[in-house]
Amino acid sequence: MTTDLVPRLCEILGPAAVLTAAADTASYLTDWRGRYTGKALAVVRPASTAEVAAVVTLCSELGVPMVPQGGNTGLVGGATPDEAGRAVVISLSRLNRVRDVDTDNNTLTVEAGCTLQQVQDAAGAADRLFPLTLASQGTCQVGGNLSTNAGGVNVLRYGNMRDQVLGLEVVMADGQVWNGLRGLYKDNTGYGLKHLFIGAEGTLGIVTAAVLRLYARPKEQATAWVAVDSPDAAVALLGRLRAECGERVTGFELVGRTALEMVLQHIPGARDPLPQAAAWYVLVELSDTQAGPELNDMLEQVLAREMEAEVVTDAAMAHNQAQTEQFWLLRENISEAQRIEGISIKHDVSVPVSRIAEFVHRAGEALTVAFGGVRVVCFGHVGDGNLHYNLSRHESQDNADFIARTIDANRIVHDLVAELGGSISAEHGIGQLKRDELCHYRSPLELEMMRRIKDALDPAGLMNPGKILQAKG
């Protein structure tokens, strides 16, 4: 019976790791954006895989739903319980140990509660690079990065989180522990089980540790803030950079003027790098494992030629680390500036790079026809086709009316994304926010395959119910 739950959890973890008071649990029950707030029987904070397994075993025995939670920085409500108050939130923040660093194998074994910054620091201490980079890296955790298949600004060169994982340790829905912590680059022994849990948002099991890939640490970087007239010009510049600089192109971020103005207004110390306003900007970064001035020269030469060709209208090179950080803070603070500004209709979409300009143009036209004046905050990782396309109105009352029509705006944006061969979720996941949209855009067969996998690994439907797929019952 669930009346026995809290005392038995206290026996497993100790009373200090079982939170039930409203003041103690509040921060775990609301998502970062403040869009979703739920209730829970308790929030538990296990400190080891064995303790996670014991908690899951107990919850499975009692039929209690479980909501795994990392740093609680997600944007789709994937780590927030529902309002029924029947679930236990399992915070993994105390599973925060670096278990192993293997520089010969270029791998790092870490627990799910390690922050992304902690992982990057551990790699740096070994003179290696862990390439995943997110604005929330000081608070987001590896378990959440894995569960959402996080992307970030370096996907262009290194790939998503899925590409950084060699092995996983997972607590299954019945409390069994699958030890798949193998640091192998080649392993063709049947199904790639680890991939089931990457991007599954805790709906199939709870990731407790991972073997991550490391890379040679870049010794030189060249960074520029570049003005362009249109997304077409940005894509053209990307093609030229790839042709002339190859794999040295590490970052290529598109920023619309509206997004930049929001940062300049709300983020202290933010400054416009260029004297004249432009409609669009690109933040370009090259990196190389060889030190020397050649990288800056290479970037400057490409930009100079593209200015002559009128692809680029202006550019500012970063001449030191402080300027590089200033440029990146403009990009990384867009989400925070939007949060300060107020609620917007957010889209995290991807289309083929060749269709980005068409998407931006056609989506803007269709939204104007449907709603009149819409403030579009568009930015993202153009190098991998991922755009954050967020919509609002300037005045609060007008915006409230506009937000009430989210379904209509989503249909315009997502229908166009589907027409262009894209995805309605590029890197944030599905969670609660896009669960119904997933049903609209995935085929019946794809949804049935997902449901079969869910039923096979979580037959009682207790693992993060209501996320990605509708909860049972």
**OP:** Test Val417 against the stated conditions and say whether it is surrounded by 15 or more Cβ atoms within 10 Å (Cβ to Cβ) and either of a type in the set (Asp, Glu) or touching a strand residue (DSSP E or B) at 6+ places or on another chain (Cβ under 6 Å) (or both).
**Re:** yes
Subject >> Of residues in the stretch 123-174 being within 12 Å of the chain's Cα centre (by Cα) and hydroxyl-bearing (Ser, Thr, Tyr), the one surrounded by the most Cβ atoms within 10 Å (Cβ to Cβ) >> reply: Ser147
**OP:** Sort out for me the helices (runs of 4 or more DSSP H) sitting completely within the stretch 189-301 that have 2 or more residues that are more than 23 Å from the chain's Cα centre (by Cα) and over 30 Å from Arg375 (Cβ atoms).
**Re:** 231-245
Original post:
If a residue has to be closer than 19 Å to Val56 by Cα and either free of Cβ contacts under 8 Å to residues at least 60 places away in the same chain or among the polar types (S, T, N, Q) (or both) to count, how many in the stretch 177-197 make the cut?
Top reply: 4
**OP:** Please verify whether the stretch 392-400 includes one or more residues that are acidic (Asp, Glu) and touching a residue at least 24 places away in the same chain (Cβ under 8 Å).
**Re:** no
Original post:
In this structure, is Ser335 under 19 Å from the mean Cα position of the chain (by Cα), modelled with pLDDT of 95 or more and closer than 24 Å to Val284 by Cβ?
Top reply: no
Original post:
Do you know which of the residues in the stretch 1-30 that are polar (S, T, N, Q) and free of Cβ contacts under 8 Å to residues at least 40 places away in the same chain is surrounded by the most Cβ atoms within 10 Å (Cβ to Cβ)?
Top reply: Thr20
Original post:
(1) buried (at least 24 other Cβ atoms within 10 Å of the Cβ); (2) outside any strand (DSSP E or B): which one isn't true of Val110, the others all being true?
Top reply: (2)
Original post:
Taking into account only those residues within the stretch 83-107 that are touching a residue at least 60 places away in the same chain (Cβ under 8 Å) and of a type in the set (Ser, Thr, Tyr), which is surrounded by the most Cβ atoms within 10 Å (Cβ to Cβ)?
Top reply: Ser91
Original post:
Can you find even one residue in the stretch 70-87 that is in contact with a strand residue (DSSP E or B) (Cβ under 8 Å, 6 or more places away or on another chain) and not in a loop (DSSP other than H, G, I, E, B)?
Top reply: no
**OP:** Look at Thr25 and say whether it is of a type in the set (S, T, N, Q), outside any loop (DSSP other than H, G, I, E, B) and either out of contact with any Cys (no Cβ under 6 Å at 6 or more places or on another chain) or under 15 Å from Gly466 (Cα atoms) (or both).
**Re:** yes
Original post:
On the given criteria, is Gly138 more than 26 Å from Arg435 (Cα to Cα), part of a loop (DSSP other than H, G, I, E, B) and at pLDDT below 95?
Top reply: yes
Original post:
Quick one: Gly63 ticks every box in (1) surrounded by 15 or more Cβ atoms within 10 Å (Cβ to Cβ); (2) under 29 Å from Glu437 (Cα atoms) bar one, so which box is it?
Top reply: (1)
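The values are calculated or read from the model by the stated rules, or taken from the named source; none is laboratory data. The shown structure was predicted, so the numbers you read here are calculated from the model rather than taken from an experiment. Note: ideal-geometry Cβ built from the backbone for every residue, glycine included; neighbour counts use all protein chains shown.
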